[in-house]
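The block underneath contains the structure these notes are about, expressed in structure tokens.
The values are calculated or read from the model by the stated rules, or taken from the named source; none is laboratory data. Just so we're clear, the structure is a prediction, and the values are computed from it rather than from any experiment. For neighbour counting, all protein chains shown are included, and Cβ atoms are generated from backbone atoms with ideal geometry for every residue, glycine included. Areas reflect the complete protein model, heavy atoms only, side chains present, ligands, DNA and RNA absent. Shrake-Rupley method; radii C 1.70, N 1.55, O 1.52, S 1.80 Å.
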Amino acid sequence: MRTDNNIPIDSFYEQLFENSNDIQVIVDGENGQIVNANKRACEFYGYPKEKIKKFKIHDISKAKNLEEIGHVFKQPLNCKSNEIYLTHKLENGSKEEAKVTFSKMCINEKIYFNMIILDIVEDNNIKGKENNTEIELDDYEEKLKKVEVDYRKMLEHLPVAVIVSLGIEQNMLYQNPLFIEFFGHAFQESSDITEWWRMAYPDTEYRELVLGEWNARLSEAIKNQSKIEPMEVNLTIKDGSIKQVCVHATVVDDMNFITFIDMTERKKAEDAIRLINSYNRSLIETSLDVLMTIDSQGSIRDVNSTTEKATGYSREELIGTYIFNYFTNLEKSKDAHKQVFKNGIIQECELELKHKDGHVTTVICNGAVYKDECGQVEGAFVSARDINERKMRESELERQKSAAEEANVLKSEFLANMSHELRTPVNVIFSAIQLFELYFKKSSDTNSLNCDKHLKAMKQNCHRLLRLINNLIDITKIGAGFMELQLKNVNVVSIVEEITLSVGEYANVKDIYVQFDTEVEEKIMALDPDKLERIFLNLLSNAIKFTSKNGKIFVNIYDRGTSVVISVKDTGIGIPQDKINEIFERFIQVENTMVRTNEGSGIGLSIVKSFVEIQGGTINVLSEVGLGSEFIIEFPVNVLSEEYHEDYNIIDNKQNYAEVLNIEFSDIYK
Ligand code: ADP
């Protein structure tokens, strides 16, 4: 076939088709096979002509509405071209939605379609010309796309783990690389968030707890289109370890931007600091010393509890006040403060700390400045140690030392006294023996030997030695705590009366009148009769010893119901007031050994006192020099159960009572 100017018609149409500005594809009307595609069509789809001719129409395009395309293909031949929208699949994988026109043709009795694609840009241009608002919208969409890309880039480079989830359902939209790296898992886009929850919080109970709190906060944030209150949680990560994480989130429209900040290291550091702080605080608080920090003006910054106790003020009251207020000597404390900040240190400064209630504690203060990182003095630590106790210990030691020295002097006196006491009877016995020897040598007349007199002297001095030894044994037993008590239910009235009457012989020697009187005839109580005997013989022997001729001794018993009072009163020489408290002490005698007129060891009353006290009683003395003395004993009334009752009688119970008397009264010469 030829045209009028001799160009072959096939070639003419071919070139027309090939060089058309339209994107044109010829499709076989029966099977949809592409039979030709022009240059622009090849450019548009991105395939060479040979390749594109191997496709069928549905390989490179897809109709949104299949009915619509079916309708086009069924159109009669002379029908004008039909316009529909197709999605075109390009070689680079992208898709373009563009309008196409289909023109039906019949060549050599075969149906073909000429598909003309309106390029999308062109299409947009055309549309833009028709409607400016649409252009703006498209621009906006473009821009949004760009913004999205930029944001994605930004999120990818953020140094924290980020996820973006959608709405209250929180379907996963996006995770940044750090999130994937940190938690070791990537979730598919639009996947269900519950998978993430299960991985992050494997413990069901904990998960429920976190989930409840998180959902509450998120729905609040969605409602207000705001940030959520950050939440601290323990997240399980890829290697199974647990991280302490702070979760922040911001809600924009229906998107939730969630960031995870790993706090584990920071928490560890904080815990370590907290531990060190609490350790230091405990050290400070448990210190028995006053500890304070002060600034360069002397204002108190911090104190420990010992400071509160020592001053009587609370921490709150002390902080901010001047340290000088709490010492008695203002000048000295100000000077000490000056020294610390001048020399950096002060040691062993003795001051007096004032308590709110007025009492004062002597303290030894030490102080040292502390500096900041730049070496600038920040303040000073002050410690104050209570040395009251130390001072008291020192004075107690001093007291003990002088008591020991005094005891030593007493012991020496006692030894001198004892030597005298031992030497005197031994000398007497020795002289009597010498006399006997002499008489035996010179005379055969034994009658003229005066034996009776010398034997009596020897006997009495033996009694004195025995008394001394008995007393020494008793005082040693008392000192060692071995003194035994033999309690019996006895009639104390009859015992004391019996003892009083038994000493008449000795009282007669000095014409001393002894009188016994009692309020009650009988008082049964639990006492040790042997101890009673020693007590009253001792008191009566002292009364006779220290009462001059024709004096009087009164023994009285008073019944006080729950107690019994027994008084031994004499009209003797009396005891000076300054000695009254001492006479019950061991080895104490009012008269000096060398000058005294009476015999004695100075241990009798100390034994009496011990014997009274082990029976639960007390002993006191009233005395006036020149007028006499009264020893008052009070025993509480205690009674043992019936089986211990004994009708005790001193003289009947002691075969050798006369010997006992001789021993106890051996200081008194009959
Ligand atoms: P001594 O064996 O020396 O009598 P005591 O311990 O019995 O020892 O008495 C201590 C001292 O108490 C006596 O040396 C005496 O100075 C004084 N004393 C005791 N009883 C009397 C008394 N009734 N009258 C005056 N002084 C007494």
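How large, in percent, is the carbon and sulfur part of the accessible surface of region 309-368 at a probe radius of 1.4 Å? Carbon and sulfur: 49 percent of the exposed surface of region 309-368.
Under the 0.36 nm per residue contour assumption, what length would be gained going from the current alpha-carbon distance of Val621 and Gln33 to full extension?
So the chain would gain 197.1 nm between Val621 and Gln33.
Once the gyration tensor of the Cα atoms in region 356-420 is diagonalised, the equivalent ellipsoid follows with semi-axes of 53, 14, 4 Å, ordered largest first. Calculate the FRET efficiency for Leu166 and Ser305 from the Cβ-Cβ distance with a Förster distance of 51 Å, rounded to the nearest 0.05. The computed FRET efficiency comes out at 0.35. Amide hydrogen proximity for Ile603: with H placed 1.01 Å from N in the peptide plane, the residues at 5 or more positions away or on another chain lying under 5 Å are Phe587.
Given charges of +1 on the Cβ of Lys and Arg and -1 on the Cβ of Asp and Glu, with all other atoms neutral, how large is the dipole of region 307-351 about its Cα centre, in debye to the nearest 20?
In total the dipole reaches around 140 debye.
Relative contact order, whole percent, for region 232-287 stands at 22, derived from Cα pairs under 8 Å and 6 or more residues apart. Farthest toward the positive end of the dipole of the chain, out of Tyr322, Val625, Trp214, is the Cα of Val625, where the dipole comes from beta carbon charges about the Cα centre. As a size descriptor, the averaged projected area of the C-alpha convex hull of region 483-559 was calculated at 5.2 nm². Around the Cα centre of region 463-543, unit charges on the Cβ atoms of Lys, Arg, Asp and Glu (plus for the first two, minus for the last two) sum to a dipole of about 500 debye. Label-to-label distance for Glu613 and Gln244 is 6.5 nm, based on points extended 7 Å past Cα in the beta-carbon direction. Spacing of the modelled spin labels on Asp335 and Ile580, each 7 Å from Cα toward Cβ, amounts to 5.0 nm. The equivalent ellipsoid that matches the C-alpha gyration tensor of region 325-388 spans semi-axes of 25, 11, 10 angstrom, in descending order. Positive-end ranking of Leu166, Ile603, Thr306 along the dipole of the chain, with charges on Cβ about the Cα centre, is headed by Ile603.
Order of 41-51, 403-413 by packing, highest average Cβ count within 10 Å first?
Output ranking for 41-51, 403-413: 41-51, 403-413.
For Lys56 and Tyr206, the difference between the fully extended length at 0.36 nm per residue and the C-alpha to C-alpha distance is 48.2 nm. Solvent exposure of the chain amounts to 59 Å² per residue of accessible area, where only protein heavy atoms count and the probe is 1.4 Å. If r is the Cβ-Cβ distance from Cys451 to Ile651 and R0 is 35 Å, what FRET efficiency results, to the nearest 0.05? Computed FRET efficiency for Cys451 and Ile651 comes out at 0.75.
Selection among Asn581, Pro48, Tyr439 by position relative to the dipole of the chain gives Tyr439 as farthest towards the positive end (Cβ unit charges, Cα centre). Is any residue of region 459-492 close enough, with backbone N under 16 Å, to a label point placed 7 angstrom from the Cα of Leu640 along the Cα-Cβ axis, and if so, which? Within reach of a label on Leu640, which here means backbone N under 16 Å from a point 7 Å along Cα→Cβ, region 459-492 contributes 484-492. Based on the convex hull around the alpha carbon atoms, region 170-289 presents an average projected area of 9.8 nm². With 5 Å bins beginning at zero, the pair-distance distribution over Cα atoms of region 327-455 amounts to 2, 8, 10, 9, 7, 7, 5, 5, 4, 4, 4, 4, 4, 3, 4, 4, 4, 4, 3, 2, 2, 1, 0, 0 %. Counting only whole DSSP H helices of the chain, the ones at least 18 Å long by C-alpha along their axis and with mean Kyte-Doolittle hydropathy no lower than -1.0 are 204-224, 264-286, 388-442, 451-480, 529-545. Relative contact order for the chain: 6 percent, from Cα pairs under 8 Å spaced at least 6 residues apart, divided by residue count. Evaluated with a Cβ-only charge set (Lys, Arg +1; Asp, Glu -1), the chain carries a dipole of roughly 1760 debye about its Cα centre, given to the nearest 20. Averaging 1/r over every pair of different alpha carbons in region 425-545 and inverting the result gives a Kirkwood radius of 17.8 Å.
Just the protein heavy atoms count here, and of the accessible area of region 147-230 at 1.4 Å, carbon and sulfur take up 55 percent. Taking label points 7 Å from Cα along the Cα-to-Cβ direction, Glu394 and Lys145 give a separation of 9.5 nm. Reported value for region 261-348: 142 Å³ per residue, from the convex hull of its C-alpha atoms. Less than 5 angstrom separates the built amide H of Ile553 from those of Tyr513, Val514, Gln515, all sequence-distant by 5 or more or on a different chain. Ordered from longest to shortest, the equivalent ellipsoid semi-axes for the chain are 135, 31, 22 Å, each the square root of 5 times a Cα gyration tensor eigenvalue. For region 212-255, the alpha carbon convex hull comes to 75 Å³ per residue, rounded to a whole number.
Shown here are the Rg and Dmax of the Cα trace of region 298-350, at 11.6, 31 Å. Residues whose amide H comes within less than 5 Å of that of Glu378, counting only those at least five positions distant or on another chain, are Tyr370, Lys371, Asp372 (H built at 1.01 Å from N in the peptide plane).
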